[in-house]
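Here's the structure, in structure tokens; my notes come after.
Bear in mind these aren't lab numbers, they're just calculated from the coordinates by the rules spelled out. The shown structure was predicted, so the numbers you read here are calculated from the model rather than taken from an experiment. Please note: Cβ atoms are built from the backbone with ideal geometry, for glycine as well, and neighbour counts cover all protein chains shown.
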Amino acid sequence: MLQDVKENFIQTVIDEYSNAVYKLCIIYLKNYHDAEDAVQEVFIKIIEKAPSFSSDGHKKAWIIKVTINHCKNILKRKKHETMLDDNLASYVEKFDNKEILQSIFDLPLNYRNVVYLYYYEGYSTKEISYILKKRDATIRTWLKRARDSLKEVIGGAYDEKNL
Amino acid sequence: MMKKIYDAFDEIKVSEELKMKTYYKIKNSKLCSKPVKNKYRMFVYSSVAVFCLVLTIFIKGDFSAPHGNDGEVMDMFFINEAGEESLDRIVYRGGTYIFIEEVFDKNILDEKIGVMDQISGASLNSESNSAKYYGSYIYKVKNVDSLEKIAIMLEDKIFLFEKTVDYNGIR
């Protein structure tokens with residue numbers, strides 16, 4: 001009985017958050033082989049801790065934080081071993097929006113991370129500042145610079161009025 | 001711009017194969033204990049459970065302070081199976097607390113749970129309405145049952161703990 005509950009819990013967590021975790025791993029590591037390994041390791045950590053949360057939003061923010069920390073550790077480790085094998089170009093080739101994705105992945109790590117959390121996950125700059133433990137003003141600056149870089153590729157007007 | 005970026009990110013999807021691989025990796029890891037297969041194992045597990053229950057009752061009876069909020073930290077750190085010191089679990093007079101999450105700063109805690117309250121009967125630190133033990137600040141979290149949740153400040157980080165009576169890590 002307990003085993004079934006545990007297995008259901010694992011399945012639910014993976015179904016619900018694997019896409020977000022995978023995207024973040026790709027964004028950080030820029031290598032889909034490493035990202036796939038990282039996803040498995042992150043979920044082991046998540047299940048191991050499995051804290052209780054008052055809301056799904058809170059839970060998701062925690063999972064994002066765990067993923068980011070894990071990816072940072074991988075990057076730190078890789079720095080000492082060898083340069084990261086960036087195999088992203090071949091990975092994005094199959095996508096319809098490959099130009100946009102490639103230009104996002106060409107951004108510095110902090111910028112592309114903020115772009116993902118803001119545009120895809122829908123977090124406000126204040127929420128991102130809590131997650132990344134940076135000042136709100138810093139997040140806004142990163143976002144603005146990222147948008148300026150992306151504007152050349154993507155074009156179009158800004159959709160954000162409050163920035 | 002927003003929609004284009006959203007659509008681009010939306011194309012990145014985790015494969016079903018990776019999801020299954022992840023699932024089986026977790027399932028086969030030590031984290032997921034195997035089902036009890038025979039009566040002997042059942043007997044051993046039951047004995048451990050009863051022992052833990054008795055131990056819990058004994059410790060609660062022995063150490064419970066007359067006032068719920070009164071007490072001191074018995075052990076700041078919990079030594080996990082790997083022999084590493086961690087903040088996963090602490091023992092506070094009258095109960096065991098399991099680590100829930102790290103709170104990024106005091107403002108967030110204030111927003112989400114309510115203003116932290118001092119633990120009454122504890123010695124006060126002049127700068128903060130907290131009890132101070134072993135260099136840590138311990139707060140009772142307001143708006144929850146007495147001592148159900150506590151917050152501990154360690155090196156400018158706030159850690160939330162939830163009360164448990166279980167010593168096996170099963171919640």
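Mean per-residue shielding of peptide B:13-22 is 6, counting Cβ atoms of other chains within 10 Å of each Cβ. Sequence-ordered 3J(HN,Hα) estimates for the stretch A:12-23 from the Karplus curve with 6.51, -1.76 and 1.60 and θ = phi - 60° stand at 5, 4, 5, 4, 6, 10, 5, 5, 4, 5, 5, 4 Hz, glycine and proline given as x.
Along chain A, counting only chymotrypsin sites (Phe, Trp or Tyr not before Pro) with a DSSP assignment other than H, G, I, E or B and at most 16 other Cβ atoms inside a 10 Å radius, the longest segment between sites is A:96-157.
Shown is the FRET efficiency for residue B:42 and residue A:78, computed with R0 = 56 Å from the Cβ-Cβ distance and rounded to the nearest 0.05: 0.75.
Given the pairs A:6/B:149; A:23/A:72; A:60/A:98; A:6/B:19, which are separated by over 18 angstrom at their Cα positions? From the list (A:6/B:149; A:23/A:72; A:60/A:98; A:6/B:19), the Cα-Cα distance tops 18 Å for A:6/B:149; A:60/A:98. A Gaussian network model of chain A, with springs between Cα atoms under 10 Å, assigns the largest mean-square fluctuation among A:115, A:21, A:92 to A:92. Amide H contacts for residue B:100 (H built 1.01 Å from N in the peptide plane; partners 5 or more residues away or on another chain; cut-off under 5 Å): B:160, B:161, B:162.
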